[in-house]
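The structure appears below as structure tokens.
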Protein chains: 2
Amino acid sequence: MAAYSTVAEAPRLLFRQLFEKESSTYTYLLADVGHPDKPAVLVDPVDKTVDRDLTLVKELGLKLIYALNTHVHADHVTGTGRIKGKMPGVKSVICKSSIAKADLLVEHGDNIYFGNLFLEVRATPGHTVGCVTYVTGDGSDQPHPRMAFTGDALLIRGCGRTDFQGGSSHQLYQSVHSQIFSLPKDTLLYPAHDYKGFTVTTVGEEILHNPRLTKDEVSSEIFLFYFLFFGYWRKCCSFAL
Amino acid sequence: MAAYSTVAEAPRLLFRQLFEKESSTYTYLLADVGHPDKPAVLVDPVDKTVDRDLTLVKELGLKLIYALNTHVHADHVTGTGRIKGKMPGVKSVICKSSIAKADLLVEHGDNIYFGNLFLEVRATPGHTVGCVTYVTGDGSDQPHPRMAFTGDALLIRGCGRTDFQGGSSHQLYQSVHSQIFSLPKDTLLYPAHDYKGFTVTTVGEEILHNPRLTKDEVSSEIFLFYFLFFGYWRKCCSFAL
Ligand SMILES: [Fe+2]
Ligand SMILES: [Fe+2]
């Protein structure tokens, strides 16, 4: 019988989920520990936890090469600038369409390599025009199940706000369905925020249970209107700025 | 080349880490989803998040059979009683030496089965006399790497307080070294609390970097005394009640 691998410390991928309590933001650390350099990336680092994150990187003997943002966050100060100040070799990464500055501007379909592992860039606009989801590579030498870092496009049982910053609920619905729900059902989804203490979900689970994104689009819009109208939206559902 | 399994949703084990912000407590959900009943256990459920946890159990189609506590917690009201009130079939589990009431009183060396998966009970006293660590089974059909739910015996880069509740820093040091640090280096360690936003660590990492538990015992005692003396212990290190 095969051994059942459970988590993070697989033969090659080192993975850590990190939480910033005040803004309920998740930062993710991924590294190829099968590579001699142990190259690593941080997804959505937060300003006030940069020291914690860099200490961890150092303790684990990793070489941080990229600090990625899924989008321009209105809800927290990103840590990318501070990281570059403390580790000048690190390159910041963001999507070209976000119209933000970074060392590396990526587009839908690009692959971001760290050692022999990579993240695929998928455009998932709707919360902001420049939102992307980073998905671990497809292939037998890449992590299984796949993992997707969805930013604010998809939250656990919720999604990001679409009522400002060029947001569009129609576009978000299309993004999630075409770029995230089309991934294998066992794909692990890691959001940029969670307000209820959840840490992870799967494509299969969100297709069944996400109240914002599972209905057909018309009902979804009505649902959204209903929540906004009654002012319940913040309380009942997980929304991120 | 072999596929690298990364997390949680392995062929048989379903695993979820859940967080309660106010007390910074982690609850863990484990289920054997390879078994037709999908039997599940909750480790260290918290009173105020019982509804969230039971909703998740229901959405995932699991059958909750046990609610386990690693110890009698002084720092948060456990959710075991509330779970039994809402799901009368669930059995509460605690270590016999904790001198607490439960449906199932376990001892060092016992195995707690849920489907074909099991948790091994390891006595790890020191924070309280009745503290145990639950470790996933040893065997090719059990999760790899192994996972240990350490309660307050071992925290990420720290450990639980030993200055009350029959605590003993000598006993805690011995417990961690003989029962936790003796596990394979890649064993994933999941504590009952974290105050800095860490979610997981490994045996290898704590052996190298845990400031409370890595020194030989005499230096460890001096270290503890130093921190207590200067009243810095709460600020500088992760301690749990
Ligand atoms: Fe955001
Ligand atoms: Fe405790």
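Since every read-out is calculated from the coordinates, none of them should be taken as a lab result. Bear in mind the structure is a predicted one, so any value in this text is a computation, not a measurement. Cβ: placed from backbone, ideal geometry, glycine included. Neighbour counts: every protein chain shown.
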*Work out how much length A:Ile99 to A:His209 would gain on full extension: take 0.36 nm times their residue separation and subtract the Cα-Cα distance, in nm to one decimal.*
36.3 nm
*How far is the Cα center of the range A:45-117 from the Cα center of the range B:89-124, in Å?*
43 Å
*Distances from B:Asp103 to the same position in the other copies: list them in nm, one decimal, shortest first, using label points 7 Å from Cα along Cα→Cβ.*
5.6
_For the range A:13-240, the fraction of alpha-carbon pairs in successive 10 Å shells from zero, as %_ = 8, 35, 38, 15, 3, 0
*How many nm is it between the label spots at B:Lys21 and A:Ser178, if each spot is 7 Å from the Cα in line with the beta carbon?*
3.4 nm
_Inter-copy separations for B:Tyr195, label at 7 Å along Cα-Cβ, nm, ascending_ = 2.7
_Loop trypsin sites (Lys or Arg not before Pro), the range A:39-138 (other Cβ atoms within 10 Å of the site Cβ: 13 or fewer; DSSP)_ = A:Lys101
_Across the identical copies, how the A:Pro36 labels are spaced - nm, sorted shortest first, 7 Å along Cα→Cβ_ = 5.5
*Measuring from label point to label point, each 7 Å out along Cα→Cβ, what is the B:Phe164 to B:Glu107 span in nm?*
3.1 nm
*Please go through the residue pairs A:Lys38/A:Lys84; B:Lys96/B:Lys196; A:Lys196/B:Lys185; A:Lys63/A:Lys96; A:Lys196/B:Lys86 and name each one whose alpha carbons sit more than 23 Å apart in this structure.*
B:Lys96/B:Lys196; A:Lys196/B:Lys185; A:Lys63/A:Lys96
*asked:* Loop-only chymotrypsin sites (Phe, Trp or Tyr not before Pro) in the range A:151-185, please: DSSP not H, G, I, E or B, and at most 13 other Cβ atoms within 10 Å.
replied: A:Phe164
_Fraction of beta bridges assigned by DSSP in the range B:13-240 that are antiparallel (%, nearest 5)_ = 60 percent
